[in-house]
1. Give me the residue from region 61-76 that is free of Cβ contacts under 8 Å to residues at least 40 places away in the same chain and within 14 Å of Asp94 (Cβ to Cβ) and, out of that set, most open to solvent (accessible area, probe 1.4 Å).
2. Suppose the filter is farther than 20 Å from Trp46 by Cα and either more than 14 Å from the chain's Cα centre (by Cα) or touching a residue at least 12 places away in the same chain (Cβ under 8 Å) (or both); does His81 pass it?
3. Any residue in region 174-194 that is over 26 Å from Leu158 (Cα atoms) sitting within a Cβ distance under 6 Å of a residue that is surrounded by 14 or more Cβ atoms within 10 Å (Cβ to Cβ)? List the pairs, counting only those 6 or more apart or interchain.
4. Against the definition (touching a Cys at 6+ places or on another chain (Cβ under 7 Å), touching a residue at least 40 places away in the same chain (Cβ under 8 Å) and of a type outside the set (Val, Ile, Thr)), how does Gly118 come out, yes or no?
5. Do any helices (runs of 4 or more DSSP H) entirely within region 1-99 hold 2 or more residues that are modelled with pLDDT under 95 and of a type in the set (D, E, K, R), and if so, which?
6. Going through region 224-236 one residue at a time, which ones are in contact (Cβ under 8 Å) with a residue 24 or more places away in the chain, farther than 15 Å from Pro192 by Cα and part of a loop (DSSP other than H, G, I, E, B)?
7. Scan region 79-93 for residues that are open to solvent by 30 Å² or more (accessible area, probe 1.4 Å) and closer than 17 Å to Gly139 by Cα and report the count.
8. Return the residue satisfying two criteria in turn: it lies in region 100-126 and is assigned to a loop (DSSP other than H, G, I, E, B) and of a type in the set (Asp, Glu), and of such residues it is surrounded by the fewest Cβ atoms within 10 Å (Cβ to Cβ).
Amino acid sequence: MKEITAAQQQLFERRSWRAKYAELVVGRTDWASLLRYEAVLALSQWVPGAPGLALRRLLYPSLLGSCGRNVIFGQNVVLRHPHKVHVADNVVIDDNCLIDAKGRDNTGIWIGEGGFIGRNTILSCKNGDIVLGANVNVGFNCEIFSGSCVTIGAGTMLAAYCYVIGGDHGAFDAEVPVAERPRTSRGVTIGPGGWLGAGAKIFDGVTVGARAIVGAGAVVRRDIPDGAVAVGIPARLLEQKPGPVASEQAAQNGSPDL
């Protein structure tokens, strides 16, 4: 389990605003990195239409840790700590997305080949890592948050408004305000080939198995086996696909809350 440091604390450290902006947004404090970041955004982030797509395709890779071929960046895509963002070939990042690899000792965000990040989606790190396998499709208005590590396997699809939250507040204590409790992260792992329905929420510490399906609006707080279907609040196993492992688990466990 990893403790999450609140980024707001860094805003009020006794340093210049330029230094705090550079550390929190750019991720590097030297003048060259700051000026390059500001120039790329000023020249291309807001530009609409085909000229904007062409400019971002040309300029955004200069900010990234690595960038493959045929990568498309939509209008108003925001990058934070971009040198820790790694994008493979044939990736689409749609309009108004936030790709935030913030952290002092994390490795950042990795988007695998053929990935799609839908409009208004947030990938946000607080000193954690996010790893999306090849051909992961993240729908519109989703949020993936990581305070340690969130991994989504190849070919998995997230419908609109999904939340994958790799972090939580500390144990319940009625005497302590929630905002003052320590924030911790155990991370989230989602196996390959699965599907999260619209509005599904995956809590910290959960593992969703390969090829599993999570129904629309489900709230998942416990692990889901490979090939299972989980629905409801809290999520419960609806059925499991045939196979010796699934059959044995179903016989032993029945249909527990997830």
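1. Of region 61-76, the ones free of Cβ contacts under 8 Å to residues at least 40 places away in the same chain are 61-64, 66-67, 69-73, 75-76.
Then drop every residue that is not within 14 Å of Asp94 (Cβ to Cβ), which leaves 71-73, 75-76.
Values: Val71: 5, Ile72: 75, Phe73: 2, Gln75: 54, Asn76: 58 Å².
The qualifying residue most open to solvent (accessible area, probe 1.4 Å) is Ile72.
2. No.
3. Matching pairs, first to second residue: Val178/His169; Arg181/His169.
4. Values: touching a Cys at 6+ places or on another chain (Cβ under 7 Å): yes; touching a residue at least 40 places away in the same chain (Cβ under 8 Å): yes; of a type outside the set (Val, Ile, Thr): yes.
When the stated conditions are applied, Gly118 passes them.
5. Working: elements: 8-11, 17-21, 31-40, 49-59.
Counting at least 2 such residues, we get 17-21.
6. Here is the first cut: in region 224-236, the ones in contact (Cβ under 8 Å) with a residue 24 or more places away in the chain are 224-226, 230, 234.
Add one more test, that the residue is farther than 15 Å from Pro192 by Cα, and what stays is 230, 234.
The one that is in contact (Cβ under 8 Å) with a residue 24 or more places away in the chain, farther than 15 Å from Pro192 by Cα and part of a loop (DSSP other than H, G, I, E, B): Pro234.
7. 2
8. If we filter region 100-126 for residues that are assigned to a loop (DSSP other than H, G, I, E, B), which is where we start, we get 101-108, 112-115, 118-121, 126.
Now restrict to residues that are of a type in the set (Asp, Glu): 105, 113.
Working: Asp105: 5, Glu113: 17.
By that ranking, first place goes to Asp105.
The values are calculated or read from the model by the stated rules, or taken from the named source; none is laboratory data. These figures come from a predicted structure and were not determined experimentally. Heads up, the Cβs are rebuilt from the backbone with ideal geometry, glycines too, and the neighbour counts pull from every protein chain shown. When the accessible area is computed, the model is the full protein with side chains, heavy atoms only, and any ligands, DNA or RNA have been set aside. Shrake-Rupley method; radii C 1.70, N 1.55, O 1.52, S 1.80 Å.
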